[in-house]
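Down below is the structure, laid out as structure tokens.
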Amino acid sequence: MDPVRNPYAPGAGQRPPELAGRGRELDVFDIVLERVARGRPERSLMLTGLRGVGKTVLLNTLRSQAINRLWGSGKIEARPDQSLRRPVAAALHMAVRELAPRHRAPDRIDAFLGVLKAFAQRSTPTGRGAPSKLRDRWQPGIDVPAASGRADSGDIEIDLVELFTDAAAVASDVGTGVALFIDEMQDLGPEDVSALCAACHELSQIGAPLIVVGAGLPHLPAVLSAAKSYSERLFRYQRIDRLDRIAADQALCAPAEREEVEYEQKALDLLYEKSGGYPYFVQAYGKATWDHAPRSPVTSADVRVAAPEAEAELAVGFFGSRFERATPAEREYMRAMATLSLVEGESGGVARDDMDAAVPTAEIARALGRKPASLSPARDALIKKGLIYSGERGTVAFTVPHFGRYLRTQPT
């Protein structure tokens with residue numbers, strides 16, 4: 001079949017041609033936007049899930065919903081080595097610029113921009129957030145003088161509450177809201193997470209029309225809870241998981257039908273078995289199968305011929321790039337995790353990494369013949385690199401689906 005017409009899109013954060021299986025999340029967010037716009041109490045939203053389940057795609061789609069409702073919006077990607085001030089200031093600057101043409105009082109916009117500029121330029125003299133590098137000495141493109149006495153204390157928690165409150169007031173003037181979207185939210189520093197929770201808590205109490213929509217790995221709820229105990233009740237949590245069979249088939253068949261191509265049932269059976277329903281894998285196997293299939297309908301034989309190419313691409317771009325980031329000690333730790341998941345699979349019928357289950361750290365230590373404390377540096381480094389996560393005390397799991405299976409194929 002014509003590779004130019006191939007409809008599948010296995011890219012990081014790239015929207016697939018058919019956003020299947022996410023209707024519930026889209027409907028929930030529509031309700032949130034409408035309730036907030038009407039002054040009804042509503043919680044901010046946190047999306048959690050493994051790599052490759054489409055969190056970033058969904059985050060971008062939710063942002064499009066907010067824009068379509070004439071909300072001001074901005075998006076950032078959290079980084080472990082960067083303070084929250086600079087990216088939040090840039091995101092809210094963009095959000096208020098979207099609202100400004102509909103605001104009847106330009107002086108109100110200028111007043112907020114003055115507060116925003118003060119917030120962006122204020123940083124603590126030392127420690128996290130200090131402008132130690134030239135690239136961090138950011139000057140926002142705001143043609144008004146920085147305000148004084150508002151969002152400029154240097155305490156990120158105080159300043160963020162004041163900044164969010166003022167941004168929400170601007171949105172309220174035009175009868176709409178502001179939505180701040182944060183990807184990779186688990187990478188925020190402890191002080192920034194605490195400040196963000198405090199700001200969302202304050203806004204929820206006063207009914208201000210500003211919400212935060214975050215996306216992160218499965219341990220994001222634990223990160224938020226460690227910062228503020230009330231975060232468990234502060235946010236609405238939605239777990240983004242693999243697609244069920246109906247949704248996975250829709251993700252493959254709907255774009256193919258638009259190109260007048262069909263799949264045999266056995267081909268869809270094999271594609272679901274190979275992909276496990278993970279959206280990134282669905283797109284990867286779909287793309288390779290399309291390129292290898294000579295004609296419609298696509299058969300299971302076509303899938304078998306194409307599968308090695310899809311797996312080779314995943315091994316390099318999806319699994320291999322992450323594996324290469326690990327040190328020898330960290331790789332040893334992950335291989336032990338992978339072996340233990342295989343042992344569990346042989347006794348329980350399904351491999352533990354395929355079930356997204358956690359492996360006890362004590363078992364990893366016994367497998368390596370080491371004391372648990374001696375493995376803490378490797379474990380902590382892998383968590384910081386986003387390769388594993390600890391959802392429950394004393395356990396770890398891979399952030400990438402099928403990563404254990406990949407590791408068991410690699411030479412030691």
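Modelled this way, with points 7 Å down the Cα-to-C-beta line, the labels at residue 339 and residue 173 are 6.5 nm from one another. For the pair the range 35-84 / the range 353-412, the C-alpha centres are spaced 29 Å from each other.
Extension gain, residue 43 to residue 410: 0.36 nm times the residue separation minus the Cα-Cα distance gives 127.7 nm. At full extension, residue 230 and residue 384 could sit 53.0 nm farther apart than now, given 0.36 nm per residue minus the alpha carbon distance.
The listed residues 295, 69, 322, once ranked by accessible area (1.4 Å probe) with the largest placed first, stand as 295, 69, 322.
Using R0 = 45 Å, the C-beta based FRET efficiency linking residue 395 and residue 201 works out to 0.95. Computed from phi, the 3J(HN,Hα) profile of the range 212-228 under the Karplus parametrisation 6.51, -1.76, 1.60 (θ = phi - 60°) reads 10, 10, x, 9, x, 6, x, 8, 4, x, 5, 4, 5, 5, 5, 7, 9 Hz, with x in place of Gly and Pro. Please work out whether the chain counts as rounded, prolate or oblate from its C-alpha gyration tensor, where a ≥ b ≥ c are the square roots of the eigenvalues and a/c under 1.5 means rounded, while otherwise a/b larger than b/c means prolate and anything else oblate? Cα axes put the chain in the oblate bin. Checking the cross-link pairs 55/384; 117/385; 55/385; 75/384; 274/384; 228/384 against a 25 Å limit on the alpha carbon distance flags 117/385; 274/384 as lying beyond it. Between the listed residues 44, 312, 6, the Cα displaced farthest toward the positive end of the dipole of the chain, a dipole computed from Cβ unit charges relative to the Cα centre, is found at 44.
DSSP finds beta bridges in the chain, and of those with both partners inside it, around 15 percent are antiparallel. The protection proxy used here, the mean number of other Cβ atoms lying within 10 Å of each residue, ranks peptides 96-102, 85-91, 245-251, 55-61 as follows, highest first: 85-91, 55-61, 245-251, 96-102. Ranking 358, 181, 113 by how far each Cα lies toward the positive end of the dipole of the chain (charges on Cβ) leaves 113 at the top. Ligands, DNA and RNA aside, residue 230 has an accessible area near 50 Å² when probed at 1.4 Å. Model label sites at residue 102 and residue 61, defined 7 Å from Cα along the beta-carbon direction, differ in position by 2.4 nm. When the chain is described by a simple charge dipole with +1 on each Lys and Arg Cβ and -1 on each Asp and Glu Cβ, the residue from 89, 265, 65 located farthest towards its positive end is 89. Modelled spin labels at residue 264 and residue 110, positioned 7 Å past Cα toward Cβ, are 7.2 nm from each other. Solvent-accessible area of residue 1, all protein chains in place: 50 Å² (probe radius 1.4 Å, heavy atoms, ligands and nucleic acids excluded). The listed peptides 186-197, 278-289, 7-18, ordered by packing as a protection proxy, come out as 278-289, 186-197, 7-18 (highest mean of other Cβ atoms within 10 Å first). Our note on the geometry: Cα centres of the range 96-112 and the range 309-334, 48 Å apart. Simple point charges give the picture: +1 on the Cβ of Lys and Arg, -1 on the Cβ of Asp and Glu, and for the range 232-341 a dipole about the Cα centre of about 500 debye.
Rolling a 1.4 Å probe over the protein heavy atoms leaves residue 40 with an accessible area of roughly 140 Å². Compute the FRET efficiency between residue 14 and residue 69 as 1/(1 + (r/R0)^6), taking r as their Cβ-Cβ distance and R0 = 30 Å, and round to the nearest 0.05. Rounded to the nearest 0.05, the efficiency is 0.80.
Just to confirm the number: angle between the C-alpha axis of helix 245-258 and the first principal axis of the chain, 0 to 90 degrees, nearest 10? That works out to roughly 90 degrees.
The values are calculated or read from the model by the stated rules, or taken from the named source; none is laboratory data. Here the structure is a predicted model, which is why all the values come from computation and not from measurement. Using ideal geometry, Cβ is built from the backbone for each residue, glycine included, and neighbour counts are taken over all protein chains shown. We work out accessible area using only protein heavy atoms, side chains counted, and drop any ligands, DNA or RNA first. Shrake-Rupley method; radii C 1.70, N 1.55, O 1.52, S 1.80 Å.
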